[in-house]
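Visitor: I'd like to ask some things about the structure below.
The values are calculated or read from the model by the stated rules, or taken from the named source; none is laboratory data. Nothing here was measured: the structure is a model prediction, and the numbers come from that model. Every residue, glycine as well, gets a Cβ built from its backbone with ideal geometry; the counts of neighbours run over all protein chains shown. All accessible areas refer to the heavy atoms of the entire protein, side chains included, with ligands and DNA or RNA removed. Shrake-Rupley method; radii C 1.70, N 1.55, O 1.52, S 1.80 Å.
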Number of protein chains: 2
Amino acid sequence: MNNFRFHAYTDIRFGEGCIKDLNSAMLPFGKKVLLVYGGGSIKKSGLYDKVKELLSDFEITELAGIEPNPKIESVRAGVKLCKENGVQAVLAAGGGSTIDAAKVIAAGACYDGDAWDLVVDPAKIGEVLPIITILTICATGSEMNKNAVISNMENNEKLGTSSHDMIPRVSFCDPTYLYTLPAMQTAAGTADIMSHVFEQYFQKNTGAFLTDCISESILKTCIQYCPVALREPNNYEARANLSWASTLALNGLPTAGKGGAWTCHPIEHELSAYYDITHGVGLAIVTPRWMRYILNEKTVDQFCQYAENVWKIEKMEDKFCMAQKAIDRTEKFFKDCGIPMTLSELGIDEIYFDKMAEKAVCFGGLENAYIALTKEDVKKILKMCL
Amino acid sequence: MNNFRFHAYTDIRFGEGCIKDLNSAMLPFGKKVLLVYGGGSIKKSGLYDKVKELLSDFEITELAGIEPNPKIESVRAGVKLCKENGVQAVLAAGGGSTIDAAKVIAAGACYDGDAWDLVVDPAKIGEVLPIITILTICATGSEMNKNAVISNMENNEKLGTSSHDMIPRVSFCDPTYLYTLPAMQTAAGTADIMSHVFEQYFQKNTGAFLTDCISESILKTCIQYCPVALREPNNYEARANLSWASTLALNGLPTAGKGGAWTCHPIEHELSAYYDITHGVGLAIVTPRWMRYILNEKTVDQFCQYAENVWKIEKMEDKFCMAQKAIDRTEKFFKDCGIPMTLSELGIDEIYFDKMAEKAVCFGGLENAYIALTKEDVKKILKMCL
């Protein structure tokens, strides 16, 4: 069991109607605010009007149009607005992309150079404006962590950056905001949550029993409630459990006492850097293939633990058979949620696999993953996804 | 599923040797520190010397001798020292009692009246000096929450108080400090952890699936590792898992989406207010009797969930039989850990049961508990404990 630091200091306000406390929660940070949001769904849903009404005594500058896989151009635009308007706090209303953009904007507002520097080299992040979030898509857990992923399409780069000071100060999570999420976003978001847990659960460390139990709790929650949310988009219990699962999956809990490089995320980041596909869809496609590829004598016991505790598969004499069963169930689950499960269905062929594999290994540090992967390994996994 | 706020902002430093960062972690709060500790075990273990060495450039005032079930007199002495010495931060090295005392000292240092006011009426707590903790006994979870329990033996009162600002800023949890814990403290501490979870798990609310899974994770961890720690006091994995379980049991996670008054704690508080017994021992005695007393048509399903998910008891046609089995296992577990399981063994008879029951109902708000209890109910439960 590794030593760890757990400091998820976000003030989480969770539940229907929690937004009512927005004004009092934001007041300590100052009244000059940059409101960051995406394609306008918050206008359709009425959330935009609600925020403006609640913050009627604030001075609000707006940055609309944050795209999925947020681009560095949007971040630069936000930084400019912050500097021009003396912004004191950044309020993100949206999903992971909007929140990630808001984080780097808040860091960029206190930095003299180009914001892309802060993505390439997190050590350059110094002061950060306070970040407040209102969650409308649950998936990335960005509302309670230090991470942000920004894309630069000029050079097909999608990179993660991170700073303890980019953890949001307050996050509002109202599960009813998720009622209008399209089925594919619900499914892809769930795949993202589950992948976050897999990346932390399948690691070399032993002895983090409680942490593993918590990871299994999150996975069971996804398996229990994603189908419910797809059948009944307005099911509060399903949306609430998925939302809380999403937050906990990446706030440090499932990695307490564990650690090591991730695998599917670096591989998927290359897919969406090249093809701008939905992150969760890419993860759902890569995950079961990765599991099959790394299943061996060293990993089989952890897969059997996963099989027994998450899927309630009965113990079998043949451990590999038991592990395979769990992997099959994982793949079938994603498929049943309506996610396209091959790259071919997305129109992706192997033309860039070589470059993508090289970058995944290099940026992802895959030599430190659960099972170390070379460029050739990654290419094989990608081919399994076709 | 209830709305909730989760804001456990403590910076947890966990693992062997984590104390090395004490100086840098405390620096932001100022160099005038009150060091609060208990009966001197930290001197025997070498922790006292280590702290003095690490903080050699700090100005340290000391308050030794915090007793189990900490007394208001100790708190008053600490407040006086803070005011006399212009203390800027309170460092508690010990278990729940020491940390609880430190919390009310830190609040009292910023309050003009008598510190007992802050115990009787938490609304009177205003500013609080920053609190840092070094954990040497795991049980109360005080290192990551807002609660403190203080006793006033003049009037046999043991009361809980609470303030969001009394949450420790930084807590150091080194599982190796637990190696020297006597077996009874290990067992009683585990009973305390489990009781915290039971109080939150057995509630009226439905739909908090993930929260229940996390509660079950903590319970399974206690059941898995307490026997190991008793057999092998220096087993790092066992101590580490119990320690982290203890912290998570009362930092807000097991109550996210749930809520309602607690039951066994208010009853036990009366026992230790009158007899100064070990809190965890009292809880272990009361818990299974309370479970038996409240088992009925309304509660049986939650007990069956507990039976299946925590004790892996197979589903039975007779739900009550299944629930009873889980309660029997709970009682046997405490007994096997070496805890005396009757009040008579502690020399307690029914002479004060009437007064104790009255106070438990009044201070505990037992009309809002999972199953509402009257004074007569509590007396019956206490008699079952004889």
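Visitor: If you keep only loop residues by DSSP, which trypsin sites (Lys or Arg not before Pro) in the range B:71-166 have at most 16 other Cβ atoms within 10 Å of their Cβ?
Guide: In loop regions of the range B:71-166 (DSSP not H, G, I, E or B), there are no sparsely surrounded trypsin sites (Lys or Arg not before Pro).
Visitor: May I ask for log10 I(q)/I(0) of the range A:1-68 at q = 0.14, 0.25 Å⁻¹, from a Debye sum over the Cα atoms as equal point scatterers with solvent left out?
Guide: -0.56, -1.28
Visitor: Calculate, for B:E232 and B:K44, the FRET efficiency according to 1/(1 + (r/R0)^6) with r their C-beta to C-beta distance and R0 30 Å; round to the nearest 0.05.
Guide: Calculated transfer efficiency: 0.90.
Visitor: Then there's this: If DNA, RNA and ligands are ignored and the probe is 1.4 Å, what is the ranking of A:Y111, B:Y306 by accessible area, most exposed first?
Guide: A:Y111, B:Y306
Visitor: Report the extension gain between A:R292 and A:D21 in nm, rounded to one decimal, defined as 0.36 nm multiplied by the number of residues separating them, less their alpha carbon distance.
Guide: Once the chain is fully extended between A:R292 and A:D21, it gains 92.9 nm.
Visitor: Follow-up question, since we're still on this one. State, to one decimal in nm and shortest first, how far the label point of A:F363 sits from each corresponding label point in the other identical copies (label point: 7 angstrom along Cα-to-Cβ).
Guide: Label-point distances to the other copies, shortest first: 5.9 nm.
Visitor: If you don't mind, another one. Per-residue ellipticity at 222 nm for the protein assembly as shown, helices alone: DSSP H runs ≥ 4 residues times -39500 (n - 2.57), over residue total, nearest 500 deg cm²/dmol?
Guide: Roughly -15000 deg cm²/dmol at 222 nm, from the helical runs in the protein assembly as shown.
Visitor: Please identify every one of the trypsin sites (Lys or Arg not before Pro) in the range B:277-386 that sits in a loop by DSSP and has no more than 11 other beta carbons within 10 Å of its own beta carbon. Mind dumping the intermediate values first?
Guide: Values: sites: B:R289, B:R292, B:K298, B:K312, B:K315, B:K319, B:K325, B:R329, B:K332, B:K335, B:K355, B:K359, B:K375, B:K379, B:K380, B:K383; in loops: B:K298, B:K312, B:K315.
Those that pass, being in a loop and sparsely packed, are B:K298, B:K312, B:K315.
Visitor: Would you give the gap between the C-alpha center of the range B:251-271 and the C-alpha center of the range A:114-139, rounded to a whole Å?
Guide: 38
Visitor: Between chains A and B there is a rotation axis; tell me the chain A residue with the nearest beta carbon and how many whole Å away it sits.
Guide: A:Y9, 2
Visitor: Angle, helix A:264-275 long axis vs. longest principal axis of chain A, Cα atoms, 0 to 90°, nearest 10?
Guide: Here the helix axis deviates by roughly 60 degrees.
Visitor: Pop a pseudo-label 7 angstrom from the Cα along the beta-carbon direction at both A:K52 and B:L386 and give the gap in nm to one decimal.
Guide: So the two model labels end up 7.2 nm from each other.
Visitor: Express the carbon and sulfur contribution to the solvent-accessible surface of the protein assembly as shown as a percent, rounded to the nearest whole number, probe 1.4 angstrom.
Guide: Carbon and sulfur atoms account for 50 percent of the accessible area of the protein assembly as shown.
Visitor: For chain A, what is the convex hull (Cα atoms) projected area averaged across all directions, in square nanometres?
Guide: So the Cα hull casts an average projection of 17.6 nm².
Visitor: Calculate, in whole percent, how much of the Cα-Cα pair population of the protein assembly as shown lies beyond 50 Å.
Guide: Value for the protein assembly as shown: 15 percent of Cα pairs lie more than 50 Å apart.
Visitor: Could you pull the accessible area for A:D212 with a 1.4 Å probe, rounded to 10 Å²?
Guide: Per-residue accessible area (A:D212): approximately 20 Å².
Visitor: With a 1.4 Å probe on protein heavy atoms only, work out how much accessible surface A and B bury together, total over both chains, in Å² to the nearest 100.
Guide: Chains A and B together bury approximately 3400 Å².
Visitor: Hey, can you list the residues from the range A:171-217 whose accessible area shrinks by 30 Å² or more with all protein chains present, relative to the chain by itself (probe 1.4 Å, no ligands or nucleic acids)?
Guide: Listed in order, they are A:G207, A:F209, A:L210, A:C213, A:I214, A:S217.
Visitor: Would you give the gap between the C-alpha center of the range B:311-368 and the C-alpha center of the range B:166-239, rounded to a whole Å?
Guide: About 18 Å separates the Cα centre of the range B:311-368 from the one of the range B:166-239.
Visitor: Return one number: the angle in degrees, 0 to 90 and rounded to the nearest 10, between the long axis of the Cα atoms of helix A:72-85 and the longest principal axis of the Cα atoms of chain A.
Guide: So the helix axis and the longest Cα principal axis differ by about 30 degrees.
Visitor: Leaving ligands, DNA and RNA out of it, work out the accessible area of A:E16 with a 1.4 Å probe and give it in Å² to the nearest 10.
Guide: Counting only protein heavy atoms, the figure is 110 Å².
Visitor: According to the square roots a ≥ b ≥ c of the eigenvalues of the Cα gyration tensor, what is the shape class of the range B:145-241, taking rounded for a/c under 1.5, prolate for a/b larger than b/c otherwise, and oblate for the remainder?
Guide: oblate
Visitor: May I ask you to give the solvent-accessible area per residue for the range A:180-313, in square angstrom, as obtained with a 1.4 angstrom probe?
Guide: 26
Visitor: Hey, another quick one. I need the phi-derived Karplus couplings for the range A:235-247: 6.51 cos²θ - 1.76 cosθ + 1.60, θ = phi - 60°, integer Hz, Gly and Pro marked x.
Guide: Karplus-based 3J(HN,Hα) across the range A:235-247 equals 7, 4, 4, 5, 5, 5, 5, 5, 5, 5, 4, 4, 5 Hz.
Visitor: If you average 1/r across every pair of different Cα atoms in the range B:69-161 and take the reciprocal, what Kirkwood value do you get, in Å?
Guide: This gives a value of 12.9 Å.
Visitor: Checking buried surface per residue: for the range A:225-263, which residues lose a minimum of 20 Å² accessible area in the protein assembly relative to the chain alone (1.4 Å probe)?
Guide: Residues meeting the cut-off: A:Y225, A:Y236, A:E237, A:N241, A:W244, A:L248, A:L253.
Visitor: Label-point separation (nm) for B:C362 and A:F320, each offset 7 Å from Cα along Cα-to-Cβ?
Guide: 7.1
Visitor: Pairs to check: B:K204/B:K375; A:K124/B:K50; B:K158/B:K375; A:K220/A:K359; B:K71/B:K124; A:K103/B:K31. Give those whose C-alpha atoms are more than 23 Å from each other in this structure.
Guide: Going by Cα-Cα distance, A:K124/B:K50; A:K220/A:K359; A:K103/B:K31 fall outside the 23 Å limit.
Visitor: Given N residues in the range A:11-177, what is its alpha carbon radius of gyration divided by 2.2 N^0.38 Å?
Guide: For the range A:11-177, the normalised Cα radius of gyration is 0.94.
Visitor: Report the gain in length on full extension from A:E308 to A:M184: 0.36 nm times residue separation, minus Cα-Cα distance, nm rounded to one decimal. Before the final figure, lay out the partial values.
Guide: Working: separation 124, 0.36 × 124 = 44.64 nm, distance 2.84 nm.
Fully extending the segment from A:E308 to A:M184 adds 41.8 nm.
Visitor: Given a 1.4 Å probe and the protein chains all in place, what does the accessible area of B:D318 round to, in Å² to the nearest 10?
Guide: 80
Visitor: Put a label point 7 Å from Cα along the Cβ direction on B:R76, then list its distances to the equivalent points in the other copies in nm, shortest first.
Guide: Distances to the matching label points in the other copies: 6.8 nm.
Visitor: Within 10 Å of each Cβ of B:5-18, how many other protein chain Cβ atoms are there on average?
Guide: Numbers: counts 8, 13, 7, 7, 6, 4, 6, 7, 5, 8, 7, 2, 1, 3.
Shielding by partners across B:5-18 averages 6.
Visitor: Also: Can you sort B:F320, A:F202 by 1.4 Å-probe accessible area, starting with the largest?
Guide: B:F320, A:F202
Visitor: Using the Kirkwood formula over every pair of different C-alpha atoms, what hydrodynamic radius in Å results for the range A:183-384?
Guide: The Cα-based Kirkwood calculation yields 17.1 Å.
Visitor: Using a Förster distance of 30 Å, how high is the FRET efficiency between B:E73 and B:E127, based on the Cβ-Cβ distance and rounded to 0.05?
Guide: 0.85
Visitor: Per the Kirkwood definition applied to all pairs of different Cα atoms, how many angstroms is the hydrodynamic radius of the range A:276-319?
Guide: Numbers: mean 1/r = 0.0837 Å⁻¹.
It is 11.9 Å.
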